[in-house]
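Values quoted throughout were computed directly from the atomic coordinates according to the rules given, and no laboratory measurement underlies them. These figures come from a predicted structure and were not determined experimentally. Here the Cβ positions follow ideal geometry from the backbone for every residue, glycine too, while neighbour counts run over all protein chains shown.
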Amino acid sequence: METEETRPPHRGLKKGLYLIPTAFTAANIAMGFLTVLSSVRAFQLVAVSPEQAAVYFKYAAVGVVFAIIFDTLDGRVARMTRTATEIGVQLDSLADVLTFGIAPTVLMYAWAIGATFGESTALHNFGVFVLFMYLMCGTFRLARFNLQGTRPRVLSEGTPKIDKKNFVGLPIPPAAGLLASIVYLHPLPLNVFEENLSHLYTVLMITLMVVLGLLMVSTIRYTSFKTVGKGRQSVYLLLLVAALGMLTWLFPQYMLFAIAATYVAHGVVWYLISFFRPRKRPVEASETNL
């Protein structure tokens, strides 16, 4: 039986640390929930007052941005405090389905597809189909990430091995972040443009969602930044973060879009570079015996 003298020190404090990552995950869920509500409210005002709808669209976009911050913090805090749990991993994935899967699709429908195309048109139905496939790709991406993290040795043949430096496929938070940054850059619904332009911009957004969905289920590697900042790199990383933070504070609309677009594009650029880079010719056995 444990007594006051034999009880391990700081047991209560250690137990309380487990609540910190869960609190960030809960904040992530709250941002997704508020994003959905703001998008629905904005859609109600699209035809009546586009300017008022833009206020709610901006709230929805900011909600996704804050959700990315909370999603990043919960994992890092869990690793720093060594309080990662299996239920925390599953809860985080379920939160991501809401915040970075359902919430951006609702936002895209209210801001672009539903605001531009009538419900009986073919483009409207095709846009809804793309939204569904984007959600399915994001959900599959999260499921594959969990499987690769917990059972890396039983993956199907040909699946790249998981390392700490890279993600396999575009993570769903940056994909949602790019969509939200575009809305934040122009919060007015797309129906404010004349018909041809609004149709063109909406088709471009649908095309972007197709590309993002394919990138999420691809095997293209994306930097995870989990090993960045060690040794001398920490000084340069601190300066870079400070510079980006100040620029984001001064020019939030442009910087959020630039950061999200750069991250989404860098995996594709590295893939193309590695694809066209000449590979080393394997050394023949006869050459090694010379």
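Along the Cα-to-Cβ line of Leu204, 7 Å from the Cα, sits a label point; which residues in region 232-270 have backbone N less than 20 Å from it? What the label zone holds, given the 20 Å backbone N cut-off, is 253-266. Less than 5 angstrom separates the built amide H of Asn166 from those of Ser224, all sequence-distant by 5 or more or on a different chain.
Computed from the Cβ-Cβ distance with R0 of 35 Å, the FRET efficiency linking Val192 to Phe251 stands at 0.95.
Using the Karplus relation 6.51 cos²θ - 1.76 cosθ + 1.60 with θ = phi - 60°, the per-residue 3J(HN,Hα) values for region 130-141 come to 5, 4, 5, 5, 4, 4, 5, 5, x, 5, 4, 4 Hz, with x marking Gly and Pro. Counting neighbouring Cβ atoms within 10 Å and putting the fewest first, the residues Ile29, Ile87, Ile69 line up as Ile87, Ile69, Ile29. Taken along the Cα-to-beta-carbon direction at a fixed 7 Å, the label points for Leu185 and Ala26 span 3.6 nm.
Using the count of nearby Cβ atoms within 10 Å as a rough guide to exposure, how do Ile172, Ile68, Ile259, Ile182 rank from fewest to most?
On the way: Ile172 28, Ile68 21, Ile259 17, Ile182 24.
The order, fewest Cβ neighbours first, is Ile259, Ile68, Ile182, Ile172.
Taking a point 7 Å out from the Cα of Leu237 in the direction of its Cβ, the residues of region 243-259 whose backbone N falls within less than 19 Å of it are 243-246.
When Ile206, Ile113 are ordered from fewest to most other Cβ atoms inside 10 Å of their Cβ, what list results?
Working: Ile206 21, Ile113 24.
Ordered from fewest to most neighbouring Cβ atoms within 10 Å, Ile206, Ile113 come out as Ile206, Ile113.
Paramagnetic label reach from Val48 (point 7 Å along Cα→Cβ; backbone nitrogen cut-off under 19 Å): within region 108-147, residues 110-112, 114-116. So what's the gap between the Cα centers of region 101-138 and region 15-71, to the nearest angstrom? Comparing the Cα centres of region 101-138 and region 15-71, I get a distance of 18 Å.
Approximating the spin labels as points 7 Å out from Cα along Cα→Cβ, the Met136-to-Glu119 distance works out to 2.3 nm. Phi-derived couplings, Karplus 6.51 cos²θ - 1.76 cosθ + 1.60 at θ = phi - 60°, listed residue by residue for region 263-271: 5, 4, 7, 5, x, 5, 4, 4, 5 Hz, with x used for Gly and Pro. Computed from backbone phi with θ = phi - 60° and the Karplus coefficients 6.51, -1.76 and 1.60, the 3J(HN,Hα) list for region 110-123 is 5, 7, 10, 5, x, 6, 9, 9, x, 5, 8, 8, 5, 5 Hz; x is used for glycine and proline. Amide hydrogen proximity for Ser218: with H placed 1.01 Å from N in the peptide plane, the residues at 5 or more positions away or on another chain lying under 5 Å are Leu170.
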